[in-house]
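Asker: Input: one structure, supplied below.
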Amino acid sequence: MGPNGNKYKVVVVDDEVMAVKAICIIMEKYCPQFEVVGTAGNGSEALEVIGRTFPDLVLTDVEMPVMSGLELVRHASAEMENLCFCIISGYQDFEYARDAFRSGVLDYLTKPIVPSQMMRTMKNVEEKLRKFYYDKRNGIFRKLCMGETITLEEIQKFFPYKEFYAALLRENGLPRRYSPAREPELYGTIDEAYLVYGRDNMEELFLIPREVLGQQTLIDYMTRVELRQKTEGSYTTLLYYGEAFSAPEISEKIRDLYYWLNTLSTVGLSQVVDLDKKQLLKERFPSLDNTELPALLQEMEQYAKMGKYDQLQKCIARAFTRWEQEKRPQIWLEQEARRILNFIRTQARNEESLIESEYQFEDAFYYSTSMEMLRQNLSATFYRFQEKEKENYKVDSPEFFEKIKIYLREHISEPLSLQEISNLFAISQAYMSKLFRKYTGKSYNQYLTGIRIERAKQLIEEDSERFVKDIAELVGYRDQFYFSRIFHSYTGQSPADYAEQQAAEPSAP
């Protein structure tokens, strides 16, 4: 079916009237997923029909008067870059038309056309169209999420439902913005009836057509999603529009979702916010001034000059406790924590790599699930000048790191949070993150997801008939749909497509 669940629209072009009639009859009788919306006798006439009907596919003969099929492909592609073609030739040898097989030309038919041939070809064309629209929608959706300008025409073509709901679900802190160890972006799978996008695997933005959601409310649906996917001990921020909106509003709604995520995301605090009720938000969250920080820095300076580092740490701990009570958002905390870090760097004349310090700072916010954990994780960056922190370097060896990797492989079906692993091996989360960067070049989450997906691939290769739900559970995912998105983000295929590919490949002798 087409991009909105309806039939794909087709324009048929051939200078032989009987050929056009035969194609239309075969299409109607044997290809129910397609609908002929217009016909033409040559390429020139076809351009007018195409401009009036906006089809998904043009089925055109090659040899025609006035304008040939290949000329039609060139002209129509220039005017409508998202238009797809299937070309017809009376010649069995199709070498002379090979140059037409570039972007937009999906397949070809040879005359005389018979129902069996057309059914096979159109089934192939349908799969290619489906993939074409999937890729286009994902590309446009990503651009919308990145704040790029998209024309209303593109939105209406690839998001043709009349009304939508939108929700943004984020687990733990905001995405990394500087670290090179970024995780792959997440997309919904081709079989899902709605769009999903995440800047990393901890985030999902849902754009759901009203018809797909049916009678259930968006918050009921998203609450079930949150419960299935939430990791024990984590916190979530769920923002949504509980009232449906029109396609031209998609860009604005997505922009607002990300704005409010940045505004409201608070370390350790789970939140559910209906953005159709934004007037209530000012009452829930205090003004975010930073007038107290100069006094805090002055107090810290006095303790630093006297060498009273324990008192300095207590001073910072009191500030974090107060900020937690005031529900200070992550963006604000990052700003104040960075000013504290810069002060301590100045006092300590720290020689540690500035880049590594920034990575640790970013990891602290990314992995912390409470304000107390954030303070502890930042301590590795704040207090690096203290000798006791250097004890961690005793475990900096390939042999020790190999033990960590073995443990992860042997317990892959368990949650395996960074906090749990760090506690198990008796090192700080910040230092554990540093070990993964050093020995794998990846973040902890990225490495863990990678070995989970590799194990999932092995399970599929061993038995392509396994249920996706069972594979998901065996590699540590409670929600099979979320697992499928993660699998696709790492492999470019859904688990079902990967299983089908494995089943089709001949077994090794």
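Asker: How many residues are of a type outside the set (K, R) and either surrounded by fewer than 17 Cβ atoms within 10 Å (Cβ to Cβ) or more than 16 Å from the chain's Cα centre (by Cα) (or both) when one looks only at segment 182-202?
Answerer: Number satisfying all stated conditions: 4.
Asker: A further question on this structure: Looking for whichever is charged (D, E, K, R), over 30 Å from K29 (Cα atoms) and modelled with pLDDT under 85 here; the options are D99, D93. Which one fits? Can you show your working first?
Answerer: Working: D93 fails: over 30 Å from K29 (Cα atoms).
Of the residues listed, the single one that is charged (D, E, K, R), over 30 Å from K29 (Cα atoms) and modelled with pLDDT under 85 is D99.
Asker: Would you check which residues across segment 475-498 are among the basic types (K, R) and open to solvent by 20 Å² or more (accessible area, probe 1.4 Å) and list them? Before you say what the answer is, go through the steps one by one.
Answerer: Just the residues of segment 475-498 that are among the basic types (K, R), to begin with: 478, 485.
Passing the criteria: only R478.
Asker: Further question: Within the set of pairs 6+ apart or on separate chains, which have a first residue in segment 421-434 that is touching a residue at least 12 places away in the same chain (Cβ under 8 Å), a second that is of a type in the set (D, E), and C-beta atoms under 8 Å apart?
Answerer: Q429/D363; A430/D363; S433/D363; K434/E356
Asker: Going through segment 474-502 one residue at a time, which ones are hydroxyl-bearing (S, T, Y) and touching a strand residue (DSSP E or B) at 6+ places or on another chain (Cβ under 9 Å)?
Answerer: Within segment 474-502, Y482, S489 qualify.
Asker: Something else now. Do we have any residue at all in segment 226-242 that's within 20 Å of the chain's Cα centre (by Cα), surrounded by 15 or more Cβ atoms within 10 Å (Cβ to Cβ) and charged (D, E, K, R)?
Answerer: Checked segment 226-242: at least one residue is within 20 Å of the chain's Cα centre (by Cα), surrounded by 15 or more Cβ atoms within 10 Å (Cβ to Cβ) and charged (D, E, K, R).
Asker: Hey, can you tell me all the residues within segment 16-36 that are crowded, with 18+ Cβ neighbours inside 10 Å, not aromatic (F, W, Y) and not in a helix (DSSP H, G or I)?
Answerer: C31, V36
Asker: Give segment 138-153 a look and list any residue that's open to solvent by less than 60 Å² (accessible area, probe 1.4 Å) and either under 10 Å from I250 (Cα atoms) or touching a residue at least 60 places away in the same chain (Cβ under 8 Å) (or both), or say none.
Answerer: Within segment 138-153, F141, L144, C145, I150 meet the criteria.
Asker: Another question, then. Go through (1) touching a residue at least 40 places away in the same chain (Cβ under 8 Å); (2) buried (at least 19 other Cβ atoms within 10 Å of the Cβ) one by one and return the number of the condition A46 breaks.
Answerer: In the conditions (1) touching a residue at least 40 places away in the same chain (Cβ under 8 Å); (2) buried (at least 19 other Cβ atoms within 10 Å of the Cβ), A46 misses (1) alone.
Asker: Hey, another quick one. Any residue at all in segment 459-474 that is buried (at least 19 other Cβ atoms within 10 Å of the Cβ), in a loop (DSSP other than H, G, I, E, B) and not polar (S, T, N, Q)?
Answerer: Taking every residue of segment 459-474 in turn, none turns out to be buried (at least 19 other Cβ atoms within 10 Å of the Cβ), in a loop (DSSP other than H, G, I, E, B) and not polar (S, T, N, Q).
Asker: Kindly check whether there is at least one residue in segment 446-454 that is among the hydrophobic types (A, V, I, L, M, F, W, C), within 23 Å of the chain's Cα centre (by Cα) and in a loop (DSSP other than H, G, I, E, B).
Answerer: Within segment 446-454, not a single residue is among the hydrophobic types (A, V, I, L, M, F, W, C), within 23 Å of the chain's Cα centre (by Cα) and in a loop (DSSP other than H, G, I, E, B).
Asker: Is one or more of the residues making up segment 74-81 assigned to a helix (DSSP H, G or I), over 22 Å from I25 (Cα atoms), modelled with pLDDT of 85 or more and open to solvent by less than 20 Å² (accessible area, probe 1.4 Å)?
Answerer: Within segment 74-81, the subset assigned to a helix (DSSP H, G or I) is 74-79.
Pick out the ones that are also over 22 Å from I25 (Cα atoms) and you get 74-79.
So of that shortlist, the ones also modelled with pLDDT of 85 or more come out as 74-79.
Within this subset, residues satisfying the condition of being open to solvent by less than 20 Å² (accessible area, probe 1.4 Å) are 76.
Checked against the condition, which is being assigned to a helix (DSSP H, G or I), over 22 Å from I25 (Cα atoms), modelled with pLDDT of 85 or more and open to solvent by less than 20 Å² (accessible area, probe 1.4 Å), segment 74-81 yields at least one hit.
Asker: Given the residues T440, T491, which is the only one that is over 24 Å from R228 (Cβ atoms), of a type in the set (V, I, T) and in contact with a Phe, Trp or Tyr (Cβ under 9 Å, 6 or more places away or on another chain)?
Answerer: Sole residue among the options that is over 24 Å from R228 (Cβ atoms), of a type in the set (V, I, T) and in contact with a Phe, Trp or Tyr (Cβ under 9 Å, 6 or more places away or on another chain): T440.
Asker: Restrict the check to segment 176-185 and report whether at least one residue is at pLDDT 90 or above, farther than 20 Å from L239 by Cβ and among the polar types (S, T, N, Q).
Answerer: The answer is no; no qualifying residue exists.
Asker: Still on this structure, I have one more. Take L59 and tell me if it is assigned to a helix (DSSP H, G or I) and either over 30 Å from I208 (Cα atoms) or modelled with pLDDT of 85 or more (or both).
Answerer: Spelling it out, it is not the case that L59 is assigned to a helix (DSSP H, G or I) and either over 30 Å from I208 (Cα atoms) or modelled with pLDDT of 85 or more (or both).
Asker: Select from segment 304-323 the residues that are polar (S, T, N, Q) and either within 36 Å of the chain's Cα centre (by Cα) or under 13 Å from F382 (Cβ atoms) (or both) and write down the one among them that is surrounded by the most Cβ atoms within 10 Å (Cβ to Cβ).
Answerer: Selected residue: Q313.
Asker: I've got another one for you. Any residue in segment 203-210 that is more than 13 Å from the chain's Cα centre (by Cα), open to solvent by 30 Å² or more (accessible area, probe 1.4 Å) and in contact (Cβ under 8 Å) with a residue 40 or more places away in the chain?
Answerer: Looking through segment 203-210, at least one residue is more than 13 Å from the chain's Cα centre (by Cα), open to solvent by 30 Å² or more (accessible area, probe 1.4 Å) and in contact (Cβ under 8 Å) with a residue 40 or more places away in the chain.
Asker: Still on this structure, please answer the following. For R452, indicate whether it is surrounded by 20 or more Cβ atoms within 10 Å (Cβ to Cβ) and either in contact (Cβ under 8 Å) with a residue 24 or more places away in the chain or over 21 Å from I190 (Cβ atoms) (or both). Explain how you work it out, then say what you get.
Answerer: On the way: surrounded by 20 or more Cβ atoms within 10 Å (Cβ to Cβ): yes; either in contact (Cβ under 8 Å) with a residue 24 or more places away in the chain or over 21 Å from I190 (Cβ atoms) (or both): yes.
For R452, the condition - surrounded by 20 or more Cβ atoms within 10 Å (Cβ to Cβ) and either in contact (Cβ under 8 Å) with a residue 24 or more places away in the chain or over 21 Å from I190 (Cβ atoms) (or both) - is met.
Asker: Let me ask something additional. Within segment 110-137, can you find the residues that are within 21 Å of F159 (Cα to Cα) and either open to solvent by 60 Å² or more (accessible area, probe 1.4 Å) or among the small types (G, A, S) (or both)?
Answerer: Hits for segment 110-137 are E127, K128, R130, K131, D135, K136.
Asker: Hey, among the residues in segment 294-348 that are over 23 Å from V267 (Cα atoms) and not in a helix (DSSP H, G or I), which one's modelled with the lowest pLDDT?
Answerer: G307
Asker: Which of the following residues is surrounded by fewer than 18 Cβ atoms within 10 Å (Cβ to Cβ), β-branched (V, I, T) and in a helix (DSSP H, G or I): I412, I421, I406?
Answerer: Testing whether each residue is surrounded by fewer than 18 Cβ atoms within 10 Å (Cβ to Cβ), β-branched (V, I, T) and in a helix (DSSP H, G or I) leaves just I406.
The values are calculated or read from the model by the stated rules, or taken from the named source; none is laboratory data. This is a predicted model, so every value here is computed, not measured. Glycine gets a Cβ as well: all are built from the backbone with ideal geometry, and neighbour counts include every protein chain shown. Quick note on the areas: whole protein, heavy atoms, side chains included, nothing else; ligands and nucleic acids left out. Shrake-Rupley method; radii C 1.70, N 1.55, O 1.52, S 1.80 Å.
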